[in-house]
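Below is one structure, written out as structure tokens; comments come after it.
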Amino acid sequence: MRTLLAVCIAVWTLLGVFLLLDISKEFAFADIHKFEDSIVDATNKVRAEHGLPSLVKDAMLTENAKRYAIVNADKGFISHNHEPLTSRMPSSCISIGENLYQGRDGSGEGIVNAWMRSPAHRENILDAEWERIGVGVARIGSQIVAVQLFCR
């Protein structure tokens, strides 16, 4: 009987710990605007390291990126094809580029580093034609979905 009681207490303790850890992730993720800005900052830092000008954060691109991050989270997986890319391009843009991320990295720098390890995403970040940027973030359970939009 004591063994059963000890097992029950251990199980409830572990469940409590996991619940607290999950809640702490939510609190850490609470200020989503700062997190999105950290991705913009990390992108501009990488561009500066490669002799490229900083990108200006654009309100319309940011709103479109946020909306598309939510679309991807709602679908349960990321894809450039949930909607046409042109639907994310403000009328003031001549051209547009997009990077998508899904994973557990909770830092802007970590997400940008992941993109930099991928040739196509790296090419977008280091494209000299881009002038503006928008970033949106959403969640799929414990994973982060990030959408990065570029335009000229």
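The values are calculated or read from the model by the stated rules, or taken from the named source; none is laboratory data. What you see is a predicted model, and the numbers here were worked out from it, not measured in a lab. Methodologically, a virtual Cβ is constructed for each residue, glycine included, from the backbone with ideal geometry; neighbour enumeration extends over all protein chains shown. Ligands, DNA and RNA are excluded from the accessible area calculation, which covers all protein heavy atoms including side chains. Shrake-Rupley method; radii C 1.70, N 1.55, O 1.52, S 1.80 Å.
Annotation for region 28-86: chymotrypsin sites (Phe, Trp or Tyr not before Pro) lying in DSSP loop with at most 16 further Cβ atoms inside 10 Å of their Cβ are 29, 77.
Loop-located trypsin sites (Lys or Arg not before Pro) in region 56-110 (DSSP state not H, G, I, E or B) with no more than 10 neighbouring Cβ atoms inside 10 Å: 104.
In the context of the full set of protein chains, residues of region 43-82 present 55 Å² of accessible surface per residue (probe radius 1.4 Å, heavy atoms only). Taking a ≥ b ≥ c as the square roots of the eigenvalues of the alpha carbon gyration tensor, region 38-114 is oblate, as a/c is not under 1.5 and a/b does not beat b/c. Surface listing: 105, 58, 74 arranged by accessible area from highest to lowest gives 74, 105, 58, probe 1.4 Å.
When 32, 94, 125 are compared by accessible area at a 1.4 angstrom probe, the order from most to least is 94, 32, 125.
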